[in-house]
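Take a look at the structure set out below.
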Amino acid sequence: MNRKKLLCLLMAALCLGGCSSQKTETADETADGDKTIVTMLYTSDLPNLEALVETTYPDIDLQIERNAAGTIDGETERRLRNGHGSDIVVSTLATGNVVNYLADLGADEYISSYQSGIMHKTARDGKNFFIPLPAQYYGYIYNVTLARENGLSVPATQDELLNMLERAKAERIGTDQNGFVFTVNGTPATTAAFVIAAEIPDFFGLPDGIRWLDDMKSGEASFSDSLETCLDLPLEMIEKGYLDSLPFTAVSNSVPVLEKMSGGEMLVAFDSVTMLDRIRRDSDYEFDMLPMLSDESNPAWTVSMPTAFLGINKALTGDGGEARLDACRRIFSLLSTPEGQDAFMQDNGAADSYLVDYTPGPDIVPDGIRDCIEEGYNYNVSISNDFMRYFGTRCNTVLCGQADTASALAEVDEYMQDGDTQSATLIGTIDHDMIVENYNVRLEETEIANLIADAVREVTGADIAAVNGGSIRGSLYKGDVYSYDLDYVCPYENHIVVLEVNADVIRSMLSNGLSAMTRDGGIPGGRFLNVSGLKYSFVPPADDSPAQLLDVTLPDGSPLEEDAAYTIAVTNYMAGSSGYTDNNGDGFTMLNVYSDDVPKAENVKLVQETEYTFHNVLEEYIVSHNDGEIASQIEGRITAVKENE
């Protein structure tokens with residue numbers, strides 16, 4: 001990273017919940033003879049890193065579990081606390097109580113490979129528990145081809161950016177079907193990153209912002225007193241029709257930035273260099289990245305954020321963990337070399353390294369932000385994932401019109417002072433672990449999905465319940481279950497509705513649920529249906545062939561009656577409450593009773609609208625069965641059948 005003017009500011013971390021002792025395995029797991037298995041939870045595959053590790057160390061088998069909860073932000077922390085943590089722990093910020101789960105790395109030689117500034121800021125009581133992964137650049141990705149062909153000048157200020165968007169909207173240059181010309185994917189973390197990044201040229205990168213950050217860390221400053229205008233830019237974009245407010249609602253799917261940008265259906269998006277690289281590979285258009293632009297004639301800034309920090313699970317320091325602990329240390333040593341950093345950057349698309357004197361390749365930094373990097377105007381934002389999620393969630397409520405800026409920032413200030421005030425109401429007991437891992441709820445029958453589907457069916461009284469796998473994000477662990485646990489299991493706010501349908505609609509619905517089991521990037525889509533009151537079988541996807549529905553029956557094996565009417569409980573999201581554009585509704589148009597995007601569904605009748613969410617029904621179900629421990633099993637409700645079987 002450029003040393004001349006680089007401003008590396010680390011925002012205050014928020015403590016993650018209480019810690020308890022970690023369960024230790026009695027023996028090291030091995031695979032293929034004497035290979036030592038090392039596990040790591042991450043959001044995507046890391047094939048280059050795996051290949052490098054396993055080529056360098058033939059006795060190590062590095063296994064990456066893909067999961068939407070790939071950071072230490074609640075669900076991963078719950079795993080650690082309940083003895084299910086991976087060997088290599090991924091965290092978005094190297095501070096907070098999470099270090100109580102981690103081994104001390106201070107005596108390891110590779111620690112000296114990293115810049116002293118970053119290691120000093122991540123240390124606790126003089127000890128190091130993390131190494132930093134490479135950084136990711138963020139900025140405005142824009143379609144160079146459309147801009148050039150239509151005479152749109154490259155903006156150098158925030159006003160010029162808004163003027164470009166105004167003209168593009170008026171002339172339908174790089175707009176989607178609804179006329180929007182700028183997009184942010186709408187997830188809380190990305191919203192938070194966008195809001196903070198937009199404030200860097202005129203606040204965070206200036207002396208007042210530096211002083212504010214110091215005061216905020218000591219509790220002497222607040223968001224309300226200095227950042228009351230932080231949402232003005234996105235609010236202006238929404239008001240003028242450049243930016244859609246729908247993705248900021250808690251019941252909407254995130255915007256498919258890749259598809260919109262690569263297809264020329266969006267002119268500008270706020271996102272990362274990784275997304276820029278993916279767009280370039282998927283499109284015939286030319287793209288570049290702009291830095292964050294000033295509204296007050298200040299220099300533009302580029303923005304970088306650490307991809308993550310890595311630690312070693314402290315459980316490995318106990319009896320039986322010696323081989324895995326040694327393997328983890330060797331992996332960290334390898335990762336702390338230019339070769340290791342390059343392998344990770346090839347997998348992840350990160351743009352720069354914290355290794356001492358590391359020189360990034362010439363093709364990594366986009367031309368549009370190169371000057372900022374070379375002149376040292378790079379703001380390195382390191383924010384805890386818990387804070388990003390909370391701040392972004394509060395910002396989203398403003399951007400979708402559910403709250404005003406002042407009240408949202410007041411809630412952020414309260415969070416900064418008091419932390420997350422989760423409800424600790426004990427609601428029941430689970431008799432064994434029910435784990436969400438490797439996207440299993442999007443691929444197969446699982447115990448936790450059966451539990452949720454049964455809860456929906458019982459509470460609503462419907463004949464059938466169908467729960468889309470993408471709505472299930474966290475595990476349940478043996479023992480006491482508190483109300484806040486369900487926030488991690490079922491975080492979405494879509495309400496449950498009861499529809500009356502026939503057999504053809506049910507089959508069409510299940511077929512659609514199988515249609516996204518494979519997707520670019522290897523992550524299955526969330527539309528896979530978990531059921532109660534039904535059984536079905538299917539042929540899994542293979543090569544270029546999608547999954548195929550084979551048979552659908554009632555639980556006793558009897559066929560569906562073709563002329564019968566069945567009541568089925570689903571979310572209003574599936575029934576079209578958020579429409580079906582931009583991947584919303586997960587393609588369940590055969591259930592549409594709300595949206596005008598597509599024709600209303602045939603042979604479907606809305607029977608009941610409820611105020612229940614999956615969280616609500618699961619809580620009510622557990623409470624109503626509190627005379628004993630809640631159990632759920634695999635029952636053969638969903639069967640995958642190979643074509644040759």
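Computed quantities for the displayed model
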item	result
Under Karplus coefficients 6.51, -1.76 and 1.60, residue-wise ³J(HN,Hα) of region 219-234 in Hz, glycine/proline x	x, 9, 9, 9, 5, 4, 7, 9, 10, 5, 9, 5, 9, 4, 5, x
Rg(Cα) / (2.2 N^0.38 Å) computed for region 240-338, rounded to two decimals	1.67
Inter-label distance for residue 429 and residue 633, nm, one decimal - labels placed 7 Å from Cα along Cα-to-Cβ	2.0
Where a label projected 7 Å from the Cα of residue 596 along Cα→Cβ would reach, residues of region 387-403 with amide N under 17 Å	none
DSSP beta bridge pairing in region 136-303, given as percent antiparallel to the nearest 5	85
Taking 528, 129 and counting other C-beta atoms within 10 Å, the order from fewest to most	129, 528
Equivalent ellipsoid semi-axes, region 136-303, via Cα gyration tensor eigenvalues times 5, rooted, Å	28, 17, 15
Two-decimal Rg to Rh for region 512-645 - Kirkwood Rh, Cα set	0.98
Considering only the chain, percent of DSSP beta bridges that pair antiparallel, nearest 5	70
FRET efficiency for residue 626 and residue 277, using Cβ-Cβ distance with R0 set to 56 Å, rounded to 0.05	0.65
Long-range HN-HN contacts of residue 436 with modeled amide H, under 5 Å	475, 476
Of every Cα-Cα pair in the chain, the percent that sits beyond 36 Å	41
Separation in nanometres of the label points that stand 7 Å from Cα toward Cβ, at residue 374 and residue 297	2.6
Reduced Cα scattering model of region 297-456, Debye log10 I(q)/I(0), q = 0.12, 0.13, 0.16, 0.19 Å⁻¹	-1.03, -1.14, -1.24, -1.22
Gain upon complete extension [residue 157, residue 51; 0.36 nm per residue less C-alpha separation]	33.8 nm
Inter-label distance for residue 217 and residue 125, nm, one decimal - labels placed 7 Å from Cα along Cα-to-Cβ	2.0
Pairs of Cα atoms farther than 24 Å apart, region 426-640, %	39
Two-site FRET efficiency, residue 359 against residue 149, from Cβ-Cβ distance with R₀ of 35 Å, rounded to 0.05	0.50
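Each value in this text was obtained by applying a stated rule to the coordinates, not by laboratory testing. This is a predicted model, so every value here is computed, not measured. Backbone-built Cβ (ideal geometry, glycine too); neighbour counts: all protein chains shown.
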